[in-house]
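Read through the structure below, which is laid out as structure tokens, and then see the notes.
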Amino acid sequence: MTDEGSIILEVNSGDEITKRLDIWLSQQMLDLSRSHIQKLISQGNVKVNDQLCTSKKATVQQGDKIILTIPPPTPLEIEANDIPLDILYEDDALLIINKPAGLVVHPAPGHPEGTLVNALLAHCDSLAGIGGVQRPGIVHRLDKDTTGAIMVAKTDQAYQHLQAQLQAKTARREYLGVVYGSPKTDSGTIDLPIGRHRIDRKKMAVTPVERGGKVAVTHWEVKERLGNFSMMLFRLETGRTHQIRVHSAKIGYPIVGDTIYGKGRSVGVNLNGQALHAWRLELEHPVSGELVEAIAPLPEDFLTLVEVLRRRSG
């Protein structure tokens, strides 16, 4: 590496000839994802034989000298907040948190601090720029009042790997929720596209694809019937905003405590949010390839709700 923070590489006889620049660099720089390398190339951070190269499709030849400059991460304007975290799993690449109700995942208008991202910045010193400046390390979201397991990447390579698992539907995300009503069958699948509500832009709604809706698939299973209520297991095949809440309400079984998509009536239990909990995460470790399973214990108010409904149903 040079004093200016650039890395000098040379294509040697052991490398495949006439290989694409981005592919060759990604094989040399294992800590950087290919998409990150492509961005570095397009932004003018790569020289081939002292000539600026901005084409990821350029080919490298034996004897070529490649200079790769990695600019310092964009400084975060988000402040670190010392907020306690309930950690389910942690190593050098991956962090899985059990998020409580009321904790916003990332800063947004109205929530400039006190978010999970603020807490992560205090907990980890390596998140800057991973997955974007405003959402460093965040691989997927949970709503403010949804509790449970959420995964965070500590490296760019881990972020890309985990994102790819979500897109390929190989990462398994299971939720437990309590809903109004008792479905006639024990299991089913909801395959309805979701998009922004036409009138209330803060809400989501079942929306035809031709009107901007995105494919959304939720699998569900009744775990316990509780009189006029049911505890359900939901498994996400896609990850649209408010997906489970919109889908369950659409088929007539809204989540208890959901003031936006639910019935809004009291069940006699003081809930901190909607009765929806990201109970289980199963994924391939982005470095070792081993199976990682994280189970987030149910919060006290969820357990109280289920116990009260059990007593009422006899």
Next on the checklist: Using a Debye calculation, one point per C-alpha and no hydration shell, please list log10 I(q)/I(0) for region 136-243 at q = 0.09 Å⁻¹ in order.
Outcome noted: -0.29
Next on the checklist: Residue by residue through region 179-193, what is 3J(HN,Hα) from phi via Karplus (6.51 cos²θ - 1.76 cosθ + 1.60, θ = phi - 60°)? Round to whole Hz and write x for glycine and proline.
Outcome noted: 10, 6, x, 9, x, 6, 10, 8, 7, x, 10, 9, 10, 9, x
Checklist entry - Taking 0.36 nm per residue of separation and subtracting the Cα-Cα distance, what length does fully extending Arg196 through Lys169 add? => result 7.4 nm
Checklist entry - Where a ≥ b ≥ c are the square roots of the eigenvalues of the C-alpha gyration tensor, would you call region 225-267 rounded, which needs a/c under 1.5, or, failing that, prolate if a/b is larger than b/c, or oblate? => result oblate
Item to check | region 149-204 - percent of accessible surface contributed by carbon and sulfur, probe 1.4 Å | outcome: 46 percent
Checklist entry - At q = 0.25 Å⁻¹, what log₁₀ I(q)/I(0) does a Debye calculation on the Cα points of region 31-124 give, no solvent, two decimals? => result -1.24
Next on the checklist: If each DSSP helix of 4+ residues adds -39,500 (n - 2.57) and the sum is divided by the residues in the chain, what number results at 222 nm, nearest 500 deg cm²/dmol?
Outcome noted: -5500 deg cm²/dmol
Checklist entry - What does the charge dipole of the chain about its Cα centre add up to, to the nearest 20 debye, if the Cβ of each Lys and Arg holds +1 and the Cβ of each Asp and Glu holds -1? => result 1980 debye
Item to check | Gln134/Lys184 FRET efficiency (R0 41 Å; Cβ-Cβ; nearest 0.05) | outcome: 0.40
Next on the checklist: Show me the ranking of peptides 210-216, 38-44 by mean Cβ neighbours inside 10 Å, starting with the highest.
Outcome noted: 38-44, 210-216
Item to check | the chain, accessible area per residue, ligands and nucleic acids excluded (1.4 Å, Å²) | outcome: 51 Å²
Checklist outcome for this item: Sequence order, region 171-177: Karplus ³J(HN,Hα) from phi using 6.51 cos²θ - 1.76 cosθ + 1.60, θ = phi - 60°, Hz rounded, Gly and Pro as x, gives 7, 9, 10, 10, 10, 10, x
Checklist outcome for this item: For region 56-122, the accessible surface attributable to carbon and sulfur atoms (probe 1.4 angstrom, ligands and nucleic acids excluded) amounts in percent to 52 percent
Checklist entry - Using the Cα gyration tensor of region 83-202, with a ≥ b ≥ c the square roots of its eigenvalues, what is the shape: rounded (a/c below 1.5), prolate (a/b larger than b/c) or oblate (neither)? => result prolate
Checklist entry - Check Phe229: other-chain or 5+ apart residues with amide H under 5 Å from its amide H, H built from backbone geometry? => result Gly181
Checklist entry - What is the Å³ per residue value for the convex hull set by the Cα atoms of the chain? => result 164 Å³
Checklist entry - Considering only Cα-Cα distances, which of the following residue pairs are longer than 32 Å: Lys56/Lys203; Lys214/Lys263; Lys56/Lys202; Lys57/Lys202? => result Lys56/Lys203; Lys56/Lys202; Lys57/Lys202
Item to check | Gained length - Thr241 relative to Ser126, 0.36 nm times residue gap less alpha-carbon distance | outcome: 38.7 nm
Item to check | All aspartates and glutamates inside 12 Å of Lys169 as judged from Cα atoms, apart from same-chain residues fewer than 8 positions distant | outcome: Glu237, Glu282, Glu284
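The values are calculated or read from the model by the stated rules, or taken from the named source; none is laboratory data. Bear in mind that the values here come from a model prediction, so they are computed numbers and not experimental data. FYI the Cβ positions are ideal-geometry reconstructions off the backbone, even for glycines, and counts take in every protein chain you see. Each accessible area value is taken on the protein alone, full model and side chains, heavy atoms only, with ligands, DNA and RNA left out. Shrake-Rupley method; radii C 1.70, N 1.55, O 1.52, S 1.80 Å.
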